[in-house]
């Protein structure tokens, strides 16, 4: 450890929009976006599976792109718009109270959820993909989810869930 | 016709998990909560000469420092005779990662800072890192009580093996070696403990058996079990790695006792990898003898398993690979010597694909024998598969098991026989089979019980010790309750895995949940039905045995208009002082005198599942990379209560046991230090790696399982490993004896074959 | 949670300001995407560093002139791989796409990948892990745990872009106190596993200039890794070829993941140049690559295997580059 530094550097002001709500936060410069989401804002949907960027359980969307919240300094997210799994359903216009986002629905309906620890990151990685490519083929889906480790499912039903979500989002298929 | 059994209903917990609402242990916090951190040994084997915590205690914000001095010295072991682990090292440390001290502080940062202020002086001792070196005469002794570092020896002898080999037409010996697998459940271990001023301890942690945890913790803390409440929490995967007691829960609970404040301890990924459990590495030597017609006549297997520093589930772990074998293929004469050996490595426990070097050795032997005897791999398995009515060498009766249907399903779907021997160069196809037991004798904690109660509006609450690690156990009992009560699962509440409320349950680590917890819930619901019919028979002026319960109505069979809403029956019961509370208790039909070491015979489990897999691969002969073209898996799980969930278990099992287990996963070491405790170094399969999987569910309708159901999923995790290994052998023309078959090993095998001209 | 050590974050608004801060604070480190640096810091490395965020320096973007493609060092891999490239340079996007996975590509930058630290089983471990043995050379100690007794650090260069950029003849624009200079990307690498780059701590990589290839050029990148995402290269090869009148007029062959820096293999280039990439030329190039590779046991897969793969990857990359070049030649 560094003996030279006894006192922490000054905290910095960070403005973030998280799930549509603006926050002005005073944070230590070393704090990650994941620490801020989980410990300052109480948004525990993003998990710390490894803290080193290699598992994907902390994946959130930053200005629409998937990022590792554990490897993104909060101060580097200054001014960004963050979407976590908690805010996903609210991105659906005029949704019924309690209704889920179609991707979340598809994960439930296609049995893409087992232990659930990877699910928030997985769903957000899928959202980033479908926002960019509404009709991805299977290889693209697997590539887009390539950084999200799931130890339970073998991915088959997760991939099926993303396909189902794509069909529902495009209106090709309506949820029964 | 079942209304809820066999239906792929969406899981109850899926919505919570898809929205981030589901709470895992690290997500929890309590007012006034402290944060804990653990000081671990950086050395594999060392004497603790001096341990000084005074500087840490003086750090502002530190509320308690815990060392072995503050513990009762109670040692943990799954069995009375395996109690060898103190939760904090007292005189010496035996592996890198062993707990030496712990701190509770106002913040995680302070707790970590305090660890750096704890002074430990170690005297480094010679260490040993593999089982064969550890049993050598001059090896360093890790535990005083264990000569030659042998922790467990499971000897099983049935028949006359030596004579039987003389009777064989084909006898062959194989030696296989595997490195350790690791669980890499996505959730790192975490504990939240709260000891209140009445001395009651509440604990949340990912676990596979809350009642086992509560008992172990009560022992260690010197409390009655009733004072330790293990609470329900979402669990991010287990795969066998959350089964027994770990120091983490003791440390958090003890620190909470010391501070009278809630204490949260969250492991890093590295801690989860090295300081919870790993799989055993193994060296397996087998001799198999066959008759000319391909029937297996005798086997002699010796396995050396690297158990790491402590016993954990040792006797079980040393037995299960053999048991899975004897349930899979018939053999009248067996000799098995399983040695679990202490080494200075992290502690090993049961893992989903337990013993790939063992299981794959068996199926390698079958393929080699088939080739020598002019059979194809499907045929030799058909001839040897254990089936309904058989009795295993260790005296387990197989009441119902449709092994042949699983073999047929995968062989036909894959067109195995059309492809065998006719695939283009570097393509290969392989098959593997395995049987998994639905539970084993676990004494007083070997069964499950459940209750069902009703609200005044006929709302149903099921109370069960069932624990769900992600595999869907909660949904299993919900669908069973729905079927038994004629009530939609959505209308049923479930109180599960909370030891203050729920009755003892065997837990989710012996594949017994569906059979035992499921039956207990079924029986509780049937008991409630009887009570409901008793009340309703007066109301409907009909005999109890003529009544039906469906869609929230009790009615007379054959005249559905003579009906009364369940709600009215419940209210009538309340008026009459007959509050309907159903109770069910289930113990599996097993021989409780069976013991892993002293008496390894008698009925092991009430039910046995079977799985068969075929895998087709293409090997890149220049790089040794294996591309899996297709995988077919068939599973006799008795009855699929929720088919999509069973498929999910099969697919996940293939990913872990087959794809990860054979192509990718291994712990790497340097002098007892795990080189890949992280998700980058340890190769859990990723979405782009996985092949198309074709699952087939075979339903043999188990006579003892709830609605015919038994173990679902594990069979596939194991048999896919065998199929992967055999398919690669078929593609490259030689078997690989080291597991996993990473590209470097595949290429080496190809090159060696080219040199030696091995066919 | 896994915590970072304390540090200050400077947020300069211009390159000049950034250089000033770097010059004034010897322990300051540039922070680009952070996907590698922050991992190292969580592992207890660089605990004395303050960070200089490059986000406000305006270094992101790709521009094309008649002769050159200029890629800002701050351009994310995400943007890089979504950009339409001239066919012969599609290999740059190919390499970017082979890095980690989308949530890392979104933050990781071109400059960060070029400046990616070397890696080693004994260095990329937690402070706890490393506390069990003396510090290695790369961590400031006096020994190598991979090659006991050795005095050189063998940490391996596993970045994906450098081999490709070198093969494509890219230049790097480096800014320091005395102004900026262009150096070939190849010149950025020192070959010392401890300090693998030639940039001084007061310099910044601003942009990369890739010459637009002539007609008939083609390039390919082969990456060998255990899994199809996340993993670093256990071995990789980039090959750039120029095809003229059916023959190979120019070849550049670079290995990754097989030494302390990206390894240019002139013998392999010579073996290809002047040939039609006949099997013999390919075999010679492969042999040269095997001879040039310097793997040690500090990452996935055995060194002997990785060395062998150098040849396979070079041959495969050369063949793919040749096919692409043929498509461009018309």
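What follows draws every value from the coordinates through simple rules; no lab data is involved. Just so it is clear, the structure is predicted and the values come from calculations on it, not from any experiment. FYI the Cβ positions are ideal-geometry reconstructions off the backbone, even for glycines, and counts take in every protein chain you see.
Note on chain C: GNM, Cα springs under 10 Å; of C:177, C:220, C:249, the largest mean-square fluctuation is that of C:177. Adding -39500 (n - 2.57) for every DSSP H run of four residues or longer, then dividing by how many residues chain A holds, sets the calculated 222 nm ellipticity at -7500 deg cm²/dmol. Counting only other chain Cβ atoms within 10 Å of each residue's Cβ, the peptide A:10-23 averages 0.
Highest mean first, the peptides A:41-49, C:278-286 sorted by other C-beta atoms within 10 Å per residue fall in the order A:41-49, C:278-286.
Which shape class applies to chain B: rounded if a/c is under 1.5, otherwise prolate when a/b exceeds b/c and oblate if not, where a ≥ b ≥ c are the square roots of the Cα gyration tensor eigenvalues? The shape class here is oblate.
Need one number: % antiparallel among DSSP beta bridges in the protein assembly as shown, to the nearest 5. Close to 80 percent. Scaling the Cα radius of gyration of the stretch A:127-176 by the globular reference 2.2 N^0.38 Å produces a ratio of 1.13. Of the residues C:129, C:121, C:78, the one that moves most in a GNM of chain C with alpha-carbon contacts below 10 Å is C:129. Based on C-alpha pairs under 8 angstrom that are at least 6 apart in sequence, chain B has a relative contact order of 15 percent.
Ordering A:163, B:213 from the fewest to the most neighbouring beta carbons within 10 Å gives A:163, B:213.
Seen from every direction in turn and averaged, the convex hull around the alpha carbons of the stretch B:248-367 projects onto 9.2 nm².
Please give the helix A:156-169 orientation as an angle from the longest Cα principal axis of chain A, in degrees from 0 to 90, rounded to the nearest 10. Taking Cα atoms only, the helix is inclined about 80 degrees. Does chain C come out rounded, prolate or oblate by the C-alpha gyration tensor, with a ≥ b ≥ c the root eigenvalues, rounded set by a/c under 1.5 and, if not, prolate when a/b is larger than b/c and oblate if not? Oblate, since a/c reaches 1.5 and b/c is not below a/b. Remark: mean inter-chain Cβ contacts per residue of A:54-61 equal 6, using a 10 Å Cβ-Cβ cutoff to other protein chain atoms.
Neighbouring Cβ atoms within 10 Å as the yardstick, rank A:169, A:73 fewest first. Going from least to most buried by this count: A:169, A:73. Kirkwood radius and radius of gyration were both taken over the C-alpha atoms of the protein assembly as shown, and their ratio Rg/Rh is 0.97.
Averaged over residues, the count of other Cβ atoms within 10 Å places the peptides B:527-533, B:485-491, B:237-243, B:122-128 in the sequence B:237-243, B:527-533, B:485-491, B:122-128, highest first. Packing-based ranking of C:96-108, B:4-16, C:30-42 yields C:96-108, C:30-42, B:4-16, ordered from highest to lowest mean Cβ neighbour count within 10 Å.
GNM on chain C, C-alpha springs below 10 Å: top fluctuator among C:256, C:149, C:169? Looking only at C:256, C:149, C:169, the largest GNM fluctuation is found for C:149.
Once you sort the root eigenvalues of the Cα gyration tensor of the stretch C:135-244 as a ≥ b ≥ c, which label holds: rounded (a/c under 1.5), prolate (a/b larger than b/c) or oblate (the other case)? Oblate shape, in that a/c is at least 1.5 and b/c is the bigger or equal ratio. Among B:601, B:215, B:345, the ranking by other beta carbons within 10 Å of each residue's beta carbon, starting with the fewest, stands as B:601, B:215, B:345.
Comparing Cα centroids, the stretch B:430-458 and the stretch B:320-376 end up 26 angstrom apart. Distance from the Cα centroid of the stretch C:192-211 to that of the stretch B:681-759 is 45 Å (rounded to whole angstrom). Peptide B:71-84 shows a mean partner chain C-beta count of 0 within 10 Å per residue C-beta. Each part reduced to its alpha carbon centroid, the stretch B:95-146 and the stretch A:21-49 end up 34 Å apart. Per-residue ellipticity at 222 nm, computed for chain B from helices alone with -39500 (n - 2.57) per DSSP H run of at least four residues, works out to -8500 deg cm²/dmol.
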